[in-house]
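A short worksheet on the structure shown next.
The values are calculated or read from the model by the stated rules, or taken from the named source; none is laboratory data. In this text the structure is predicted, and so the values were computed from the model without any measurement. Virtual Cβ from ideal backbone geometry, glycine too; neighbours counted across all protein chains shown.
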Amino acid sequence: MGGEAITIIDVDLPSHFPFLIPHFSMTTAPYSRTKPLASRSDIEKNLEKGFKYLTLAFAVSIGLILLAIAVLIFLQSVPAIKAFGLGFIANNTWNPVTSQYGALAVIVGTLINSGLALLLAIPLGIGTALFLSEDFIPTKIRTVLTFMVELLAAIPSVVYGLWGIFVIIPLIKPVGMWLNEYFGWIPLFSTPPAGPGMLPASIVLAIMILPIITAIARDSLASLPPELRQASLGLGATRWETIFRVLIPAAFSGIVGGIMLALGRAMGETMAVTMIIGNSNRLSWSLLNPANTIASLLANQFAEASGMQVSALMYAGFVLIILTFVVNILAELIVNKVKAKY
């Protein structure tokens with residue numbers, strides 16, 4: 001530094017001092033590097049992937065459970081299917097004594113009972129949903145009414161059955177006599193009322209499925225953006241035009257979903273219907289006559305059944321599953337058609 005010379009000293013070490021000479025190995029130890037910790041984004045991705053597979057497993061398990069139930073019932077009904085074939089659906093005779101089994105009467109009874117209950121519950125349920133979703137009344141009163149409607153779903157079926165026996169049947173009987181007297185030429189009222197029958201069972205069933213239709217329809221209407229209502233009113237539409245031409249079409253898919261859920265409940269309802277419908281396996285088109293449904297048939301006879309009767313009851317249950325499946329497919333087609341239109 002600064003022009004000074006650097007002197008290099010050469011030192012000769014004796015050969016008998018090898019420990020002073022450093023030794024260098026040509027092989028070196030492998031270089032190890034600690035793996036960095038996973039970043040937060042990697043952890044979130046792994047958690048998201050795990051949650052995705054977990055929910056997928058839940059969804060698949062539901063489908064597998066439904067499939068397992070259908071397969072089990074089908075396997076139990078194979079002897080009856082081999083013995084009666086499709087004639088089981090078209091035959092009206094159900095006689096365990098002679099081993100003659102036909103489900104036409106209970107199939108028709110199930111469809112009429114559920115259909116009539118829907119006809120009674122749909123206008124009442126949608127009307128109640130509109131009343132509770134609009135600002136016709138103060139919020140506090142609307143909250144109380146909503147709670148009372150939803151409370152109907154918590155009442156046990158046997159209580160509905162007792163109420164139907166002691167209240168609905170005595171009220172319906174004079175009405176049925178009047179209908180038979182003046183409209184007896186109509187097949188629906190062609191017989192005098194016998195007390196328990198299709199009409200009182202359908203009325204009680206309509207009240208039972210009313211909370212389902214009302215709750216889902218109200219939620220569908222309440223979930224609509226408020227701008228939709230404001231835009232309709234701003235264009236000069238009245239409140240009723242807004243409700244029937246804008247709000248109901250916009251919430252139609254949810255309303256239909258609620259109706260189909262209520263229909264499934266109606267087709268499978270057992271205790272209340274069994275107590276009121278009369279449990280007659282005869283095919284009758286009169287609403288004033290005793291009738292029967294598939295669910296009531298299973299409840300009445302399964303405990304004491306044996307042999308072919310068990311298989312026939314399983315066959316009837318499998319038919320009920322098919323009916324429910326077909327109804328849901330039709331509902332899905334209707335909803336998709338309405339969505340495409342609006």
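Residue 237 meets each of the listed conditions (1) closer than 22 Å to residue 218 by Cβ; (2) assigned to a helix (DSSP H, G or I) apart from (2).
Residues in the range 270-279 that are within 16 Å of residue 302 (Cα to Cα) and part of a loop (DSSP other than H, G, I, E, B): 270, 279.
Residue-wise test of (1) surrounded by fewer than 14 Cβ atoms within 10 Å (Cβ to Cβ); (2) at pLDDT 95 or above; (3) in a loop (DSSP other than H, G, I, E, B).
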site: 106; (1), (2), (3): no, no, no
site: 111; (1), (2), (3): no, no, no
site: 132; (1), (2), (3): no, no, no
site: 136; (1), (2), (3): yes, no, yes
site: 150; (1), (2), (3): no, no, no
site: 168; (1), (2), (3): no, no, no
site: 171; (1), (2), (3): yes, no, no
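Residue pairs whose Cβ atoms lie under 7 Å apart, sitting 6 or more positions apart in sequence or on different chains, and linking a residue in the range 240-254 that is in a loop (DSSP other than H, G, I, E, B) to a partner that is surrounded by 18 or more Cβ atoms within 10 Å (Cβ to Cβ) and among the hydrophobic types (A, V, I, L, M, F, W, C), are 251/221.
The set of residues in the range 205-239 that are farther than 30 Å from residue 292 by Cα, among the hydroxyl-bearing types (Ser, Thr, Tyr), surrounded by 14 or more Cβ atoms within 10 Å (Cβ to Cβ) and within 28 Å of the chain's Cα centre (by Cα) contains only 220.
This table checks each residue for (1) under 30 Å from residue 161 (Cβ atoms); (2) out of contact with any Pro (no Cβ under 7 Å at 6 or more places or on another chain); (3) of a type outside the set (Asp, Glu).
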{"site": "226", "(1), (2), (3)": "no, yes, yes"}
{"site": "264", "(1), (2), (3)": "yes, yes, yes"}
{"site": "267", "(1), (2), (3)": "yes, yes, yes"}
{"site": "270", "(1), (2), (3)": "yes, yes, yes"}
{"site": "276", "(1), (2), (3)": "yes, no, yes"}
{"site": "283", "(1), (2), (3)": "yes, yes, yes"}
{"site": "291", "(1), (2), (3)": "yes, yes, yes"}
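Would you be able to say whether some residue in the range 60-78 is surrounded by 10 or more Cβ atoms within 10 Å (Cβ to Cβ) and either more than 30 Å from residue 318 (Cα to Cα) or modelled with pLDDT under 50 (or both)? No. Among the conditions (1) in contact (Cβ under 8 Å) with a residue 24 or more places away in the chain; (2) surrounded by 13 or more Cβ atoms within 10 Å (Cβ to Cβ), the only one that residue 142 does not satisfy is (1).
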